[in-house]
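Undergrad: The structure under discussion is supplied below as structure tokens; questions concerning it will follow.
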Amino acid sequence: MKIKRQLIDFSVPKVMGVLNVTPDSFYDGGRYTVKEKIVCKVEKMILEGVDFIDIGAYSSRPGAAVVSYGEELKRLSDTMELLRAGFPESIISIDTFRSGVARKMVEEYEADMINDISAGDMDKEMFNTIADLQIPYVMMHMQGTSQNMQKNPKYDNVVNDILAVFSGKIEELKLLGVDNVILDPGFGFGKTLEHNYELMNGLGQFSVLNKPIMIGVSRKSMIGKLLGCTPDEALNGTVVLNTVALMKGIDILRVHDVKEAVEAIKIVMKLNESKVE
């Protein structure tokens, strides 16, 4: 996949580092809302080996407050100005479901990728916008919206149902001339604890779609609820799940903790090299 005039080879999995510039994200809300802390966080991620930096300005945790278009745009614009000045070579993804925000970030700040939690469902212009901009598009599965997604989510078979949704949307995008698509099955987004672990077990099945697969389980409640821990205490569980996902063939880890993800990738790659034919 070509990103920022670079050919990205997914034979070695990549790490997408999370930069939330929000006051209310479930784990790091409020930590990165001033320039100095944003710069320090990005510098740390780069030193630890991050491949992509994903900037979010609208918390998608269950029940999160609605953020106005103008406020989301301001948070992202301020951050992009900072990052483009200090880290011009970094590959930057914008976490937004709004097509207008996506367009502005790409056209004015040269964002390299759009990461849409709703796969186009929350803004019907998103697919046309991505086709127009011709940049890579991360398409995440979510049942419902951030405000209602955890109110009794239901599936016939969580893996098969998500595969069917993705298959249809891939075809829809293909008709618009969009091929550079990354798929995120959306752990925690409209899924119960059981759904999340069924999905983890079935990750290998997503290879049939012939698209890079990204997962984001970093410090999520699927860890906390099972182990009885807070997001601050969920790093070990995160690394375990990321390692399982890597062994099932996923291509991108979206994480808060870059160093640990990079180390997990190195270990799994070494294991793969050492397999007896």
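Since every read-out is calculated from the coordinates, none of them should be taken as a lab result. Computed from a predicted model, the values in this text were never measured in an experiment. Note: ideal-geometry Cβ built from the backbone for every residue, glycine included; neighbour counts use all protein chains shown.
Undergrad: Treating only the Cβ of Lys, Arg, Asp and Glu as charged (+1, +1, -1, -1), what charge dipole size does the chain show about its Cα centre? Round to the nearest 20 debye. If you can, show how the numbers build up before the last one.
TA: Numbers: 32 positive and 39 negative charges, 63 e Å.
Using only the charged Cβ atoms, the result is roughly 300 debye.
Undergrad: While we're on this one: If each DSSP helix of 4+ residues adds -39,500 (n - 2.57) and the sum is divided by the residues in the chain, what number results at 222 nm, nearest 500 deg cm²/dmol?
TA: Dividing the helical sum by the residues of the chain leaves -13000 deg cm²/dmol.
Undergrad: Which whole-number percentage describes the relative contact order of segment 76-163, with Cα contacts under 8 Å and a sequence gap of 6 or more? Display every interim value, and only then the final one.
TA: On the way: 97 pairs, mean separation 20.6, N = 88.
Answer for segment 76-163 is 23 percent.
Undergrad: Beyond a 24 Å Cα-Cα separation, which of these cross-linked pairs lie in this structure: 44/211; 174/266; 211/266; 2/191?
TA: Table pairs above 24 Å Cα-Cα are 44/211; 174/266; 2/191.
Undergrad: Within segment 87-169, report the GluC sites (Glu not before Pro) that DSSP leaves as loop and that have at most 11 other Cβ atoms within 10 Å.
TA: Working: sites: 89, 107, 108, 110, 125; in loops: 89, 110, 125.
Filter output for segment 87-169: 89.
Undergrad: Sorted from largest to smallest, which semi-axis lengths in Å does the alpha carbon gyration tensor of segment 59-201 give for its equivalent ellipsoid, taking the root of 5 times each eigenvalue?
TA: Gyration-tensor ellipsoid for segment 59-201: 27, 18, 13 Å.
Undergrad: Explain nothing, just the number: relative contact order of the chain, from Cα pairs under 8 Å at least 6 residues apart, as a whole percent.
TA: Taking the mean separation of contacting Cα pairs over the length of the chain, I get 19 percent.
Undergrad: Which one of 185, 228, 215 is farthest out on the positive end of the charge dipole of segment 13-269, using unit charges on Cβ (Lys, Arg +1; Asp, Glu -1) and the Cα centre as origin?
TA: So the residue we want is 228.
Undergrad: With a 10 Å radius around each residue's Cβ, average the other Cβ atoms per peptide and rank 263-274, 228-239, highest first. Each step should come with its number before you reach the end.
TA: Details: 263-274: 13.3, 228-239: 15.6.
Result, highest mean first: 228-239, 263-274.
Undergrad: Which value, in Å³ per residue, describes the convex hull spanned by the Cα atoms of segment 161-224?
TA: Per residue, the Cα convex hull of segment 161-224 comes to 86 Å³.
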